[in-house]
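The values are calculated or read from the model by the stated rules, or taken from the named source; none is laboratory data. Remember, it's a predicted structure, so these values are computed and weren't measured experimentally. Ideal geometry is used to build each Cβ from the backbone, glycine not excepted, and the neighbour counts take in all protein chains shown. Just the protein is used for accessible areas: all its heavy atoms, side chains included, with ligands, DNA and RNA removed. Shrake-Rupley method; radii C 1.70, N 1.55, O 1.52, S 1.80 Å.
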Amino acid sequence: RPRILSGMQPTSDSLHLGNYLGALVNWVGLQEDFDAYYFVADLHALTVPTDPADITRRSRVTAAQYIAAGVDPERSAIFCQSHVPEHTELMWVLACQMGFGEASRMTQFKDKTARGGNANVGLFTYPILMAADILIYDAARVPVGDDQRQHLEITRDLALRFNARFGDALVVPEPHIIKESARIMDLQDPTGKMSKSASSDKGLISLLDEPERIAKKIRSAVTDVDGEVRYDPEAKAGVSNLLSIHSALSGTSIADLEMQFSGRGYGDLKHEVADVVVTAVEPYQTRMAELMDDPAELDRILAKGASRAGEVAASTRDRVYDRVGLLPAT
Ligand code: TYM
């Protein structure tokens, strides 16, 4: 089976609806057909100064959320990035293939530094570590939301460049981005994406929010004044976002939803979206509570995942080290 890989940063105590619909739901579906590797990007999380206890707690919470959403630890490897040192080993080799100017043009770094704040060198090299995360597993596909597109492009460029210089050694990965759910928007400002760093509390749905709170946030989502339930992300960002959320969770196509809601008001739409989200989130929260009750079991799952991932990663690292001419360590 071809390999697939993805990860999330443990930067908050709950994933949000964007992480869930943009990425996690697809991870679950893809484990059927792919040999899947899903990791907690704990090293990436260090690029933002964070209390060590928060990193520890959120790493377990993030792994537990993968499982609560339906990632099966018997079938897919679930692990922490820091437990597989080959990620950072490959990163160094890739860093030596990347131009300084090229790295400076990555939008995430430019945006974060433009907003002020003290960027560290880790943030600057963030995309190179991400490329290593992917390339170390020979991943054919990477299921992510739309905001990761540029990172995947640079990953492909680095793989192609490496292969051109040293002979085919790295698999060039394809992004796996589902158009309709790749960009879940902020409920209060539907022209911006739902984001843990940029959204207000009312604009963001945490998967571990109280169900009543979730329903309330959806009922007070910003829409528009023309009153027609129609999908048009340019002109009707708020309504279109609600339709995307409904469709991604219910499986009903957006065209069918438009028909069902024709002649009905936004109030009806919001009530139904709230129901759909709450119905999805309730069993997820129950499962989360069980998982968090047994951290030792979670740590066992992570250890098993790391050892499975480590085998693949070590063989890619050896191949890459050999290609660039490093002496074998034996
Ligand atoms: P992160 O932790 O910011 O986000 C995790 C995943 O959630 C998706 N996402 C969204 N999708 C739709 N709508 C939104 N509003 C929304 N917000 C977030 C993201 O696209 C992502 O798929 N750099 C990555 C972590 C990473 C990684 C990797 C991913 C590190 N190494 C290797 C894939 C492969 C990140 O910060 O994701």
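Give me the tail of P(r) for segment 218-281 as a percent: Cα-Cα pairs with distance above 16 Å.
36 percent
Ranking request for peptides 29-41, 49-61, 206-218: highest mean number of other beta-carbon atoms within 10 Å first, then the rest in descending order.
Final packing ranking: 29-41, 206-218, 49-61.
Please list the non-local residues whose amide H lies under 5 Å from the amide H of H176, H modeled 1.01 Å from N, same-chain partners needing a gap of 5 or more.
V142, V144
Non-local amide H neighbours of V40 (under 5 Å, H modeled in plane, Pro and chain starts lacking H): which ones?
F79, C80, Q81
Is the C-alpha gyration tensor of segment 177-330 telling us rounded, prolate or oblate? Criteria: a/c under 1.5 is rounded; beyond that, a/b larger than b/c is prolate, otherwise oblate.
prolate
Mind grabbing the accessible area of M292 for me, 1.4 Å probe, Å², rounded to tens?
Roughly 70 Å² of M292 is accessible to a 1.4 Å probe.
From the square roots a ≥ b ≥ c of the eigenvalues of the alpha-carbon gyration tensor of segment 57-165, which class results: rounded (a/c under 1.5), prolate (a/b over b/c), or oblate?
Since a/c reaches 1.5 but b/c is at least a/b, the shape of segment 57-165 is classed as oblate.
Throw me the Rg/Rh for the chain, computed over C-alpha atoms with Kirkwood Rh, two decimals.
With Rh from the inverse mean 1/r over Cα pairs, Rg/Rh is 0.99.
Read phi for every residue in segment 34-43 and hand back ³J(HN,Hα) as whole Hz from Karplus 6.51 cos²θ - 1.76 cosθ + 1.60, θ = phi - 60°, with x for Gly and Pro.
3J(HN,Hα) across segment 34-43, in whole Hz: 10, 7, 9, 10, 10, 10, 9, 7, 5, 5.
Could you name the aspartates and glutamates in cross-link range of K112, using Cα to Cα under 17 Å and dropping any fewer than eight places away on the same chain?
Partners found: E102, D147.
Can you name the helices of the chain, as whole DSSP H runs, whose Cα span along the helix axis is 18 Å or more and whose Kyte-Doolittle mean is not below 0.0?
121-135, 237-250
Among F166, Q150, S181, which residue has its Cα furthest toward the positive end of the charge dipole of segment 147-198, with +1 on Lys/Arg Cβ and -1 on Asp/Glu Cβ?
The Cα lying farthest towards the positive end belongs to F166.
Could you sort D168, D322 by accessible area so the largest value comes first, with the probe set to 1.4 Å?
The ordering from most to least exposed comes out as D168, D322.
Listed here are the pairs K202/K270; K196/K217; K110/K236; K196/K236; which of them are more than 25 Å apart at the Cα?
In this structure, K110/K236 lie more than 25 Å apart at Cα.
Tell me the Kirkwood hydrodynamic radius of segment 21-71 in angstroms, computed as one over the mean inverse distance between distinct C-alpha pairs.
12.2 Å
Evaluate the relative contact order of the chain (contact order divided by residue number), counting alpha-carbon pairs under 8 angstrom at least 6 apart; express in whole percent.
About 22 percent, as a whole number.
Determine the dipole magnitude for segment 249-326: charges of +1 sit on the beta-carbon of Lys and Arg, -1 on that of Asp and Glu, nothing else is charged, the reference point is the Cα centre, and the result goes in debye to the nearest 20.
In debye, rounded to 20, segment 249-326 gives about 480.
Considering only protein heavy atoms, what is the solvent-accessible area of H271 at a probe of 1.4 Å, reported in Å² to the nearest 10?
Accessible area of H271: about 100 Å².
How many percent of the alpha carbon pairs in segment 106-157 exceed a separation of 17 Å?
Looking at segment 106-157, the distances longer than 17 Å represent 39 percent of pairs.
Calculate the radius of gyration of the Cα atoms of segment 253-330 to one decimal place, then report Dmax, the largest Cα-Cα distance, as a whole number, both in Å.
24.7, 73
Considering only protein heavy atoms, what per residue accessible area in square angstrom results for segment 77-218 with a 1.4 angstrom probe?
Per residue, segment 77-218 has 45 Å² of solvent-accessible surface.
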